[in-house]
Amino acid sequence: MRKTKLSGIALLGMLAMLVGGNQVSAQDPLVIIQGAEPPGLDPTIHREGPTYSVTINIFDSLLRKTRDGQNVPALAESFERDTDTSWVFHLRPGVQFHNGEPLTAAAVKFTIDRIFGPDLDSTRASDFKWIDRVEIIDELTVRIVANEPFALAEHFFTELQIVPPNNFTEVGDVAFDEMPVGTGPFEFVRWDRGNQIVLQRNEDYWDGPAEVDAVVFRFINSAASRVATLLSGNADLITNPPISAQRQIDANPNTRFASATGTRVVFVGLDAVQESPLRDVLVRQAMNYAIDKVSIIDNLLSGWGEQTTTLLTSQDFGFDSEVDPYPYDPDRARQLLADAGYPDGFEITMDMVNGLFINDTNVAQAIAGFLDDVGITVTLNVLEFGAFNGAIFSHQSSPMYFVSWGNPVFDPAFIFDFITRTGGLLRTIENPEIDDLLNRASSTTDQDLRSDLYNQVMPLVNEAAPAIFLYKQPVLFGMSERLDWAPRSDEFLLMNDARLK
């Protein structure tokens, strides 16, 4: 690996100070604490939120998303859509992976081919299933051909993180998942499982070196412990602090509470495919009537959340204002349960992760309490993040699972295609009428037609109740005063524009 400005000895020295519990100073690495540890760092397999927070700093994609949501050139210095179903990308000359391997069109093709590899079983395959083939035009030019027009293609090109084919051949799949090599603004240094991932600045980054020397990601699932670590001076940025901690964080002269408008939808997935009472639509509707979402938002999110109609809010493209959210009506819930043959309710388990999003444990307990009031006894099954993702993505979870889903493009396709479509990444319902409308909306670039199709989808999704529809949560951070960095609505923890005062 190339020599970098920050020597390994210097970096290890700084980290020893950090781990030892000393307060950080301007010469120390930027320390980020999030609620879950990535299950792996190979971006051809993983795109979970806590994983992407790390890999977005190690890898680049063909395009990248700006803070205001624009898709602009990244590894591709330019591109054009040469037909309704194909894009030609002209790669930047001279870009190298962190191991010195050159970026080429072959690397782009290798990345996409790997995602679809029959033995990989990558969760990313569902993101890029619209791609038919990749054609190498020359060393720095590549054409990506879709199997039909796809409206969100440019967004997904911002999340197509390119990997080095020669390095994969040398080290193998398992080693790469633990020691990734990209072209991004930071290079991987090491991963201490259960504790931290260490990155250092890429001095030869094609877009110019970052301001900070090193970034350390640490993992603490307790929100209160994350706050305590921030207040003690041992972190620069913590994710999803409790809203109740705002006054405490702002009262500390060395920290501040920061927020941005969010895109993340929080909901309870209801798997109507596996055998359980949730197969009955009346039961799923009853569960929606049983939950007082307004009370949860007001009391557990201090009013910061925004109730969704289905999985959308009015800011989302294709939102139909004629569709009303489920009101809180426990009597209606009890009647529907009786109509479905469950007058005395039933028992069920809800899978969840602790500390992943805002006040999630208290919200889950409130949901269980509301359901108990109408006769449904819910057992909360708290799983480690990797185990939880493995269960829901393989459709092996309990029939209920408490989860969230980011929607950085404010487009219903980014929600419905993964959650309400038959065979989606998260399994809920199987409804041919909904599937047909979603397929038509995804395969056209006519925005007026897409909006009309989603207007037809929303009432069907609302009636089918594939989830307990809850709210969008804001993006909240606790930050040290020495960190100069603005939170992004898309929650991306890209640190190449961060600065330590």
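Remarks
- If you go through region 221-269 and keep only what is in contact with a Phe, Trp or Tyr (Cβ under 9 Å, 6 or more places away or on another chain), in a helix (DSSP H, G or I) and charged (D, E, K, R), you end up with Arg247, Asp250.
- Neighbours by Cβ (under 7 Å, 6+ apart or cross-chain): first from region 109-133, more than 20 Å from Ala76 (Cα to Cα); second among the β-branched types (Val, Ile, Thr) and part of a helix (DSSP H, G or I): Ser122/Ile115; Arg124/Ile115; Ala125/Ile115
- Assessment of region 255-270 against the conditions (basic (Lys, Arg), modelled with pLDDT of 95 or more and open to solvent by less than 40 Å² (accessible area, probe 1.4 Å)) yields no matching residue.
- Extreme residue, nearest to Ala464 (Cα to Cα), among residues of region 286-302 that are in a loop (DSSP other than H, G, I, E, B) and open to solvent by 10 Å² or more (accessible area, probe 1.4 Å): Asp292
- Checking each residue in region 185-228 for being small (Gly, Ala, Ser), touching a strand residue (DSSP E or B) at 6+ places or on another chain (Cβ under 8 Å) and under 21 Å from Ala74 (Cβ atoms) picks out only Ala210.
- The residues of region 327-383 that are of a type in the set (Phe, Trp, Tyr) and at pLDDT 95 or above, listed by number, are Tyr328, Tyr342, Phe346, Phe370.
- Residue selected from region 456-483 under the condition among the polar types (S, T, N, Q) and at pLDDT 95 or above, by the criterion surrounded by the most Cβ atoms within 10 Å (Cβ to Cβ): Ser480
- Scanning region 131-149 for residues that are open to solvent by 20 Å² or more (accessible area, probe 1.4 Å) and of a type in the set (A, V, I, L, M, F, W, C) yields Ile136, Ile137, Leu140.
- Among residues of region 26-52 being closer than 19 Å to Asp192 by Cβ and among the aliphatic types (A, V, I, L, M), the one that is surrounded by the fewest Cβ atoms within 10 Å (Cβ to Cβ) is Leu41.
- Residues of region 82-140 that turn out to be polar (S, T, N, Q), more than 25 Å from the chain's Cα centre (by Cα) and under 27 Å from Phe416 (Cβ atoms), as a count: 3
- Residue in region 303-313 that is buried (at least 23 other Cβ atoms within 10 Å of the Cβ) and hydrophobic (A, V, I, L, M, F, W, C) present: yes
- The set of residues in region 53-71 that are within 12 Å of Leu493 (Cα to Cα) and either open to solvent by 10 Å² or more (accessible area, probe 1.4 Å) or of a type in the set (A, V, I, L, M) (or both) comprises Ser53, Val54, Ile56, Ile58, Arg67.
- Sole residue being touching a Phe, Trp or Tyr at 6+ places or on another chain (Cβ under 7 Å), of a type outside the set (A, V, I, L, M, F, W, C) and closer than 27 Å to Thr444 by Cα, chosen from Arg124, Arg81, Arg67: Arg81
- Taken over region 358-386, the criterion of being assigned to a helix (DSSP H, G or I) and open to solvent by 50 Å² or more (accessible area, probe 1.4 Å) is satisfied by Asn362, Gln365, Asp372, Asp373.
- Residue in region 325-335 that is hydroxyl-bearing (Ser, Thr, Tyr) and part of a loop (DSSP other than H, G, I, E, B) present: yes
The values are calculated or read from the model by the stated rules, or taken from the named source; none is laboratory data. Owing to the predicted nature of the structure, the values given are computational and were not obtained by experimental measurement. Backbone-built Cβ (ideal geometry, glycine too); neighbour counts: all protein chains shown. Remember, those area values only see protein heavy atoms, side chains included, never the ligands or the DNA or RNA. Shrake-Rupley method; radii C 1.70, N 1.55, O 1.52, S 1.80 Å.
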